[in-house]
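Reviewing the structure listed below.
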Amino acid sequence: MSQISNAQNIAFSTAFATDKICGIYNGSFAGTAYDTIYAGYLYVKKIPHTFGRPVMCEGLFSYDNVNFFPSGTGYSLATAFCMYSDSNFIYILYENTINTVYYKIVATWIDNYDLNNPLITPVLSSSSNYSKFFDSRYNYQKVLMSGVITLPNPGVGVDTPVSIEHNLGYLPTYKLYFESLPNQVWQQIGGGSQDVFLYNPGQQFELYDECSKTTLDLHLLSGASSATSARCWYRIYYDV
Amino acid sequence: MSSYRMDKIQFSSNLPNFINVKNDTGAITVSGTVAATSTSFFNGTITLSSRSNFFSLYAVSSYTGKKYAVNNVGSVYLSYANASAFDQLYVYSTFVGNNLNITLYVDNSGASPVTLISQTYTFTAVEYQLPF
């Protein structure tokens, strides 16, 4: 373990990994130019990728290319976006087809997704902003712990939390991705009937979390026909 | 662009990385009683430094002392009415300029009023950026 006690004050330490960004996608599309519709109301735009396995995705979205907001289900429905990926595509889910959608998507690599870690060529934006990737004046986000945990299907209406010990003594920041459906890596979703992105509640899992100073507890909720288990990938960051 | 075994990398100056910018905070206090078949709303605001940064939104409950990821979940499981049980507290946000207006709401579909455990949720938006 690192001898550094103040890593927040340095840009980078080899003791800590960073999020491994393997893809950056900028672009726009007309809201009406969707590729498919889920459950009759949820529009889906597919962005192809070449990694041959799912990646963790998060995005910034905008209707005016100025004011962006992050993907996630906790926003008003007119402006909410959610994302997941499989082995070939990144999927953008949305409800509002009226406007042009501007997006900035970041895909990060999942180590040991299938115990086969191939050589890949990262896909980065052609923007001239990418002339420099490291600047020691900045504090780069440092990953303290990361991994995968397999959560068994608890059964409908049953809540059986599973704990990941971090023992940090403080409340860290973290990110969670999981298989809401098999072989798809989703951003965390939950909210039952009030979550528009839970378009197939009979088969999808929902994931909730609560983090104490010693553990990150995961609550997987099941649909009637959900898979026997779901993998959850977690990243716990050094900074709070 | 070179090819990489990403699992072998801690950090590469050939790849972009997230930069921590700043943390922004706000608070919402939840208390009172939710009447039968009614919904109670509680509001708060966080001012962000930019509308072009990524951010992760978390809430810490003064009652449980625990942190919950918020912006990727349409609801969080918090103990708001019964100290021994999880209940579903819904959350959503809207932007006005750089202000992120957060609404928590309790939907009581039951036939009896629900008395809430008085507690304050401290929200933190952890802003980070990429050179987009």
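Hydrodynamic radius of the protein assembly as shown by the Kirkwood approach over all distinct alpha-carbon pairs: 21.1 Å. Taken residue by residue and averaged, Cβ atoms of other chains lying within 10 Å of the Cβ of A:162-174 number 2. For the residues of A:63-69, the average number of beta carbons from a partner chain within 10 Å of their own beta carbon is 4. With neighbours defined as other Cβ atoms within 10 Å of a residue's Cβ, the residues A:MET145, B:MET6 order from fewest to most as A:MET145, B:MET6.
Residues B:ARG5, A:ARG53, arranged from fewest to most other Cβ atoms within 10 angstrom of their Cβ, appear as B:ARG5, A:ARG53. Only Cα sites of region A:142-237 enter the Debye sum here, all with the same form factor; the resulting log10 I(q)/I(0) across q = 0.11, 0.25 1/Å is -0.30, -1.31, listed in q order. Averaged over the residues of A:202-209, the number of partner chain Cβ atoms lying within 10 Å of the residue Cβ comes to 3. Among B:SER12, A:SER28, the ranking by other beta carbons within 10 Å of each residue's beta carbon, starting with the fewest, stands as A:SER28, B:SER12. How many percent of the alpha carbon pairs in region A:21-131 exceed a separation of 21 Å? So the pairs more than 21 Å apart make up 36 percent of the total in region A:21-131. Our summary gives region A:21-131 a relative contact order of 39 percent, counting only alpha carbon pairs under 8 angstrom and 6 or more residues apart. Taking the Cα centre of chain A as reference, the dipole from Cβ charges on Lys and Arg (+1) and Asp and Glu (-1) amounts to some 600 debye. Under a 5 Å amide H cut-off, with hydrogens placed 1.01 Å from N, A:LEU144 pairs with A:ILE236, A:TYR237, A:TYR238 among residues at least 5 apart or on other chains.
Within a straight-line Cα-Cα reach of under 18 Å, B:LYS66 can be paired with the following lysines, leaving aside sequence neighbours fewer than 8 residues apart in one chain: A:LYS175, A:LYS213.
We did not get these values from a lab; they are worked out from the coordinates using the rules stated. Since the model is a prediction, treat every value here as computed from it, not as a measurement. Cβ sites come from the backbone with ideal geometry, for glycine too, and all protein chains shown count toward neighbours.
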